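Q: Starting off with a structure, shown below.
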Amino acid sequence: MAIDTRHDSAYLCTQISIKQTVIIIYMKRIITLLLLILPLVATAEEPQIKRPNVEIVKREAIKDPDINIFGHVLDASTGEHLPYATIAIKGTTIGCAANGTGHYQLNNIPEGTYTIVVSAIGYDTIETEFEAEIRTSTELNFSLPLSTTMVDEIVVSATRNETNRRKTSTVVNVASAKLFEGTAAANLSEAMSFQSGLRVENTCGNCGAPQLRINGLEGQYSQILLDSRAIFSSLAGVYGLDLMPVAMVERVEVIRGGGSALFGSSAIGGVVNIITKDPVRNTLSLSNTSNIMEDGTPDINTSLGGAFVSDYYKLGAYIFGQVKNRGAYDRNDDGFSDITKLRSETAGFRAYYKTSAHSRLTAEYHHIHEFRRGGDNLDEAPHFAMICEQLDHNIDGGGLKFDYFPNTKHRMSVYASAQGIGRTSYFGTDMNPNAYGSTSDLTLVGGAQYTLNYKAGLPSELTVGAEYNYNALDDIYQATGRRLQQETSTYGIFAQNEWKSDKINILIGFRLDKHNMIERPIFAPRANVRYSPIENLGLRLSYSSGYRAPQAYNEDLHIDALNHSVSIIEIDPDLRPEFSHSFSASADYYHNFGRLQTNILVEGFYTMLNDVFTLENMREESDAEGNNYIYKVRRNAAGARIGGITAEIKLGITNIFDVQLGYTFQKSKYVEPEAWSDDVEAQRTMFRSPDHYGYLNSNFYITKNLNASLFGTFTGPMLVQHAAYTDILGVEHPDSEVMTPSFWDFGFKVGYTFRLSSIVNLEVNAGIKNIFDSYQRDIDVGAGRDSAYIYGPSLPRTYFVGVKLFL
């Protein structure tokens, strides 16, 4: 049976009450005010000094045979020096960062003709040709135009090569450090909902497993990459976003739709590429954010990061560390946690060594230790609890990459990455002394890639490569004697060619994989077209494909506590691969209204899933001690169809404000009605996939030192499963389906920066997350609850204060 909590009058009064009415009224007022004020601000242009983007002041002959470049970088609108801009010579490892006064110097440049690229956060990137002549020292000055909409960001996920985001043939969304700061996020699970088509939700009230959904598809449909490498195994994917502190992340690139043509198995619904921080200049930061939930539960996060580069930038390293300590939160005071107790420590580095002007060696390492526990009696041993899910992870991973680019035509890369996980666990109910487990997991990735820039009618870029992926999993659950041993290996080759110009891009590519659990090789093609009829308009058409192998995935390794039982997933021996075909069409428009910069993106998407994986209740068993187990089977269904439209608006005036809004409307349906339980009627609607959802992220620069941010998400009604449970009165309830209410989750942050010296800064900030305490109201109570019956915002109303000391 289906239950619609929106039509329960008592529930309606508490859930859709004054809070949501107030926020709707205020949002309408804010939007109306912006519409009235922004045109006036935009057209009230200030006098601006027109400066050339590049200026050669002088060229001097020197006795030394070296070739040197020096100069400064300016803000084109104000004429002020721009500190810490990046100056790089394309096709080489030569580059540097401007100092705190906006001046730079490059030495020992080889003779030849080069392209110099100058970039800075919040500014357009500019490129210029330069003739390096022996025994000369040249002063080159640059002026960078302001950019609020970040249209010229460099991304790598679209083609596996560095590409200007505005000119890519694929839509790439970027979550940057600016977003992490503005939303006071400590890890990626707290920040990724502020992107179009993305939604993060908690899927377990006991262990707090987060899940990132792209275009409504479950988390296992997305491939998580670390620096473009698929080292996030099925086990790491269970808590992957929670495990990644923002202290180590430069940005996150997201591609919606199938990505197997580039990145192989599991990139069936989207790709999330986590790019770790690269050392650019000498920096050091120490920060702490202390969160206090509405009942006083603490969540303390402390991070340290520092970048160190040698003279002439031949050697550099970024070192990071973070410690997190969160208490357990019990929303309904029944003695069972609804947000897990959590402790984690993370440390690592990313370093480079420039072996020559045309080659570079990069190394990355990270160690993550995380302990989490949910249920009751949290200070006792796990088997003294009525419900306990406890996990202790130790993760060590890293990689090496060697890049060689003898000139601007050729580029070669060889790489190897690995990640090992050791985990001890307890998943049990009713003080089961045997519910302990252990897991080991090893992932290896190795490959090579070659890129050729040539001309075939249009300037073209050919990329070919080969990659090997290996994973060994050994999972033991003592209570049932289950031991899951799985080895997977994939040999893959990929190729793509992109014809590109300012007017048009055409990309055709494929990947051919041989997976050891699939009899035949998998062919995954892609095709993308970008056309710009005018300079500021980009029209894109895209087709991409993806697949998932018939193996154990992250959700299969997670065990839920359900009504004094634990739920265990088994895999149908006849499980077939799952395939996707994704189509999209988009229009991307940029325009400046005086000082007001705007960007509007509208994208339609449609994804077909064939032989889709589903879960179905199979049987219930009890052991000799009276412990109960519910077995579910993962099998193939006929298929599913997901389609919709996403709209995104960015607007802002540099150093005054920037606003980003996104909205997604979609439908997610199985091809044929599916039934997960005998107690409910089969139907086509996919679970946990709302038809409407969106986000708001905005920053306001009130003075040079004072800033504020307003952020929030909206989640519309969705259908969720509610497994059989026993309430506190002992009444047993059968399996059911519930239509949830809508949720508005908004927060704000205010920060002030004190300039302690010319190089030392101290920022103090404070704010509130989930201002209106929009949180699930019908959480199950007591030991007979369904821990997977959880939806809505992952945090209740939470107050936070922070301090950051940085150079």
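The values are calculated or read from the model by the stated rules, or taken from the named source; none is laboratory data. Just so it is clear, the structure is predicted and the values come from calculations on it, not from any experiment. Counting neighbours? That spans all protein chains shown, and the Cβs are built from the backbone with ideal geometry, glycine included. The protein model used for the area step is the full one, side chains on, heavy atoms only, and it has no ligands, DNA or RNA in it. Shrake-Rupley method; radii C 1.70, N 1.55, O 1.52, S 1.80 Å.
Q: Is it true that N497 is open to solvent by less than 20 Å² (accessible area, probe 1.4 Å), without any contact (Cβ under 8 Å) to a residue 40 or more places away in the chain and over 30 Å from G375 (Cβ atoms)? Before you say what the answer is, go through the steps one by one.
A: On the way: open to solvent by less than 20 Å² (accessible area, probe 1.4 Å): yes; without any contact (Cβ under 8 Å) to a residue 40 or more places away in the chain: yes; over 30 Å from G375 (Cβ atoms): yes.
Taking the combined requirement at face value, the residue satisfies it.
Q: So if I check each of P741, P796, which one is part of a loop (DSSP other than H, G, I, E, B) and either among the polar types (S, T, N, Q) or touching a helix residue (DSSP H, G or I) at 6+ places or on another chain (Cβ under 7 Å) (or both)? Walk me through how you get there before you give the answer.
A: Values: P796 fails: either among the polar types (S, T, N, Q) or touching a helix residue (DSSP H, G or I) at 6+ places or on another chain (Cβ under 7 Å) (or both).
Just a single option satisfies the conditions, and that option is P741.
Q: Further, regarding this structure: Might you check whether a residue that is in a strand (DSSP E or B), basic (K, R) and crowded, with 23+ Cβ neighbours inside 10 Å occurs anywhere in region 226-237?
A: If we filter region 226-237 for residues that are in a strand (DSSP E or B), which is where we start, we get 226, 229.
Cutting the leftovers down to basic (K, R) gives us 229.
The next check asks that each one be crowded, with 23+ Cβ neighbours inside 10 Å; those that pass are 229.
Looking through region 226-237, at least one residue is in a strand (DSSP E or B), basic (K, R) and crowded, with 23+ Cβ neighbours inside 10 Å.
Q: Which of the residues belonging to region 404-456 are closer than 30 Å to I94 by Cβ, of a type outside the set (V, I, T) and in a loop (DSSP other than H, G, I, E, B)? Even if it seems obvious, please write down each step before you answer.
A: The initial filter retains those residues of region 404-456 that are closer than 30 Å to I94 by Cβ, namely 404-417, 445-456.
From the residues that got through so far, the ones that are of a type outside the set (V, I, T) too are 404-407, 409-413, 415-417, 446-450, 452-456.
Within region 404-456, F405, P406, N407, K409 meet the criteria.
Q: Right, next: Where in region 568-631 are there strands (runs of 3 or more DSSP E), lying wholly inside it, with at least 1 residues that are touching a Phe, Trp or Tyr at 6+ places or on another chain (Cβ under 6 Å), under 27 Å from S265 (Cα atoms) and of a type in the set (F, W, Y)? Please lay out each step first, then the result.
A: Working: elements: 578-593, 596-610, 613-622.
Filter on region 568-631 gives 578-593, 596-610.
Q: Could I ask something else about it? If you take the residues in region 715-736 that are charged (D, E, K, R) and touching a Ser or Thr at 6+ places or on another chain (Cβ under 8 Å), which one is most open to solvent (accessible area, probe 1.4 Å)? Break it down into steps so the answer makes sense when it comes.
A: Of the residues in region 715-736, the ones charged (D, E, K, R) are 727, 732, 735.
Within this subset, residues satisfying the condition of being touching a Ser or Thr at 6+ places or on another chain (Cβ under 8 Å) are 732, 735.
Values: E732: 143, D735: 16 Å².
Per the criteria, the residue is E732.
Q: Quick check: anything in region 280-290 in contact (Cβ under 8 Å) with a residue 24 or more places away in the chain and open to solvent by less than 20 Å² (accessible area, probe 1.4 Å)?
A: Step one: of region 280-290, the residues in contact (Cβ under 8 Å) with a residue 24 or more places away in the chain are 280-290.
Restricting the remaining residues to those that are open to solvent by less than 20 Å² (accessible area, probe 1.4 Å) gives none.
Looking through region 280-290, none of the residues is in contact (Cβ under 8 Å) with a residue 24 or more places away in the chain and open to solvent by less than 20 Å² (accessible area, probe 1.4 Å).
Q: Continuing with the same structure: Give, as residue ranges, the strands (runs of 3 or more DSSP E) completely inside region 642-709 that count at least 3 residues that are crowded, with 17+ Cβ neighbours inside 10 Å. Write out each step before concluding.
A: Details: elements: 657-674, 683-685, 692-701.
Per the criteria, 657-674, 692-701.
Q: Would you pick out the residues in region 327-357 that are of a type in the set (D, E, K, R), surrounded by 20 or more Cβ atoms within 10 Å (Cβ to Cβ) and within 28 Å of D227 (Cα to Cα)?
A: Passing the criteria: R350, K354.
Q: Next up: Of the numbered conditions (1) over 25 Å from G182 (Cβ atoms); (2) surrounded by 16 or more Cβ atoms within 10 Å (Cβ to Cβ); (3) among the charged types (D, E, K, R), D295 satisfies every one except a single condition; which is it?
A: Only one criterion in (1) over 25 Å from G182 (Cβ atoms); (2) surrounded by 16 or more Cβ atoms within 10 Å (Cβ to Cβ); (3) among the charged types (D, E, K, R) is unmet by D295, namely (2).
Q: Still on this model: Can you give me the number of residues within region 375-412 that are open to solvent by 60 Å² or more (accessible area, probe 1.4 Å) and in contact with a helix residue (DSSP H, G or I) (Cβ under 9 Å, 6 or more places away or on another chain)?
A: Qualifying residue count for the region: 1.
Q: OK, next. Answer yes if at least one residue in region 516-538 is hydroxyl-bearing (S, T, Y) and within 24 Å of the chain's Cα centre (by Cα), and no otherwise. Quick ask: steps written out before the conclusion?
A: Here is the first cut: in region 516-538, the ones hydroxyl-bearing (S, T, Y) are 531-532.
Remaining after also requiring within 24 Å of the chain's Cα centre (by Cα): none.
So far as region 516-538 goes, no, none of its residues is hydroxyl-bearing (S, T, Y) and within 24 Å of the chain's Cα centre (by Cα).
Q: Please specify each residue of region 100-110 satisfying the condition of being of a type outside the set (A, V, I, L, M, F, W, C), within 20 Å of F308 (Cβ to Cβ) and open to solvent by less than 70 Å² (accessible area, probe 1.4 Å).
A: The answer is G100, Y104, N107.
Q: Among the numbered conditions (1) in a loop (DSSP other than H, G, I, E, B); (2) among the small types (G, A, S); (3) without any contact (Cβ under 8 Å) to a residue 60 or more places away in the chain, tell me where G91 comes up short.
A: Here G91 meets the rest and fails (3).
Q: In region 118-135, what count of residues is obtained for those that are open to solvent by less than 30 Å² (accessible area, probe 1.4 Å), in a strand (DSSP E or B) and small (G, A, S)?
A: Residues flagged as open to solvent by less than 30 Å² (accessible area, probe 1.4 Å), in a strand (DSSP E or B) and small (G, A, S) within region 118-135 amount to 1.
Q: Hey, another quick one. When residues of region 309-324 are filtered for being in a strand (DSSP E or B) and surrounded by 16 or more Cβ atoms within 10 Å (Cβ to Cβ), how many remain? Full working, then the answer.
A: Pass one, region 309-324, residues in a strand (DSSP E or B): 309, 315-324.
Restricting the remaining residues to those that are surrounded by 16 or more Cβ atoms within 10 Å (Cβ to Cβ) gives 309, 316-324.
Adding up the residues that qualify gives 10.
Q: Of these, T115, T138, which one is open to solvent by 20 Å² or more (accessible area, probe 1.4 Å) and touching an Asp or Glu at 6+ places or on another chain (Cβ under 9 Å)? First the steps, then the outcome.
A: Details: T138 fails: open to solvent by 20 Å² or more (accessible area, probe 1.4 Å).
None of the other options fit; the residue is T115.
Q: Right, another one. Yes or no: region 466-474 includes at least one residue that is surrounded by 16 or more Cβ atoms within 10 Å (Cβ to Cβ), within 30 Å of N434 (Cα to Cα), touching a strand residue (DSSP E or B) at 6+ places or on another chain (Cβ under 9 Å) and hydrophobic (A, V, I, L, M, F, W, C).
A: There is at least one residue in region 466-474 that is surrounded by 16 or more Cβ atoms within 10 Å (Cβ to Cβ), within 30 Å of N434 (Cα to Cα), touching a strand residue (DSSP E or B) at 6+ places or on another chain (Cβ under 9 Å) and hydrophobic (A, V, I, L, M, F, W, C).
Q: Moving to a separate point now. Restricting to region 185-198, name every residue that is in contact with a Ser or Thr (Cβ under 6 Å, 6 or more places away or on another chain) and either open to solvent by 10 Å² or more (accessible area, probe 1.4 Å) or of a type outside the set (S, T, N, Q) (or both). Steps first, answer last, please.
A: Filtering region 185-198 down to residues in contact with a Ser or Thr (Cβ under 6 Å, 6 or more places away or on another chain) leaves 191, 193, 196-197.
Within region 185-198, A191, S193, G197 meet the criteria.
Q: Can you find a residue in region 213-225 that is touching a residue at least 24 places away in the same chain (Cβ under 8 Å), buried (at least 24 other Cβ atoms within 10 Å of the Cβ) and assigned to a helix (DSSP H, G or I)?
A: Looking through region 213-225, at least one residue is touching a residue at least 24 places away in the same chain (Cβ under 8 Å), buried (at least 24 other Cβ atoms within 10 Å of the Cβ) and assigned to a helix (DSSP H, G or I).
Q: Looking at D403, is it of a type in the set (D, E, K, R), touching a Lys or Arg at 6+ places or on another chain (Cβ under 6 Å) and touching a residue at least 24 places away in the same chain (Cβ under 8 Å)? It would help to see each step written out before you state the result.
A: Working: of a type in the set (D, E, K, R): yes; touching a Lys or Arg at 6+ places or on another chain (Cβ under 6 Å): yes; touching a residue at least 24 places away in the same chain (Cβ under 8 Å): yes.
So D403 fits the description; yes.
Residue-by-condition table, conditions (1) under 21 Å from E250 (Cα atoms); (2) under 20 Å from the mean Cα position of the chain (by Cα); (3) among the aromatic types (F, W, Y):
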site	(1), (2), (3)
D311	no, no, no
I319	yes, no, no
K324	yes, yes, no
G327	no, no, no
R331	no, no, no
D338	no, no, no
K341	no, no, no
A347	yes, yes, no
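Q: Separate question: Answer with yes or no whether Y365 is within 23 Å of T439 (Cα to Cα), out of contact with any His (no Cβ under 8 Å at 6 or more places or on another chain) and surrounded by fewer than 18 Cβ atoms within 10 Å (Cβ to Cβ). Reasoning before the result, please.
A: Details: within 23 Å of T439 (Cα to Cα): yes; out of contact with any His (no Cβ under 8 Å at 6 or more places or on another chain): yes; surrounded by fewer than 18 Cβ atoms within 10 Å (Cβ to Cβ): yes.
Yes: the conditions hold for Y365.
Q: Also: When T463 is evaluated against the numbered criteria (1) more than 27 Å from P577 (Cα to Cα); (2) open to solvent by 20 Å² or more (accessible area, probe 1.4 Å); (3) in a strand (DSSP E or B), which criterion, by number, is the only one it fails?
A: (2)
Q: May I pose another question? State the number of residues belonging to region 413-434 that are open to solvent by less than 20 Å² (accessible area, probe 1.4 Å) and farther than 16 Å from G374 by Cβ.
A: Quick first cut of region 413-434, residues open to solvent by less than 20 Å² (accessible area, probe 1.4 Å) only: 413, 415, 417, 419, 421, 423, 425-429, 432.
Next cut, farther than 16 Å from G374 by Cβ only: 413, 415, 417, 419, 421.
Here the count works out to 5.
Q: Then there's this: Looking at M739 and the list (1) open to solvent by 40 Å² or more (accessible area, probe 1.4 Å); (2) in contact with a Gly (Cβ under 8 Å, 6 or more places away or on another chain); (3) of a type in the set (A, V, I, L, M), which single condition is not satisfied?
A: Tallying (1) open to solvent by 40 Å² or more (accessible area, probe 1.4 Å); (2) in contact with a Gly (Cβ under 8 Å, 6 or more places away or on another chain); (3) of a type in the set (A, V, I, L, M), M739 fails exactly one: (2).
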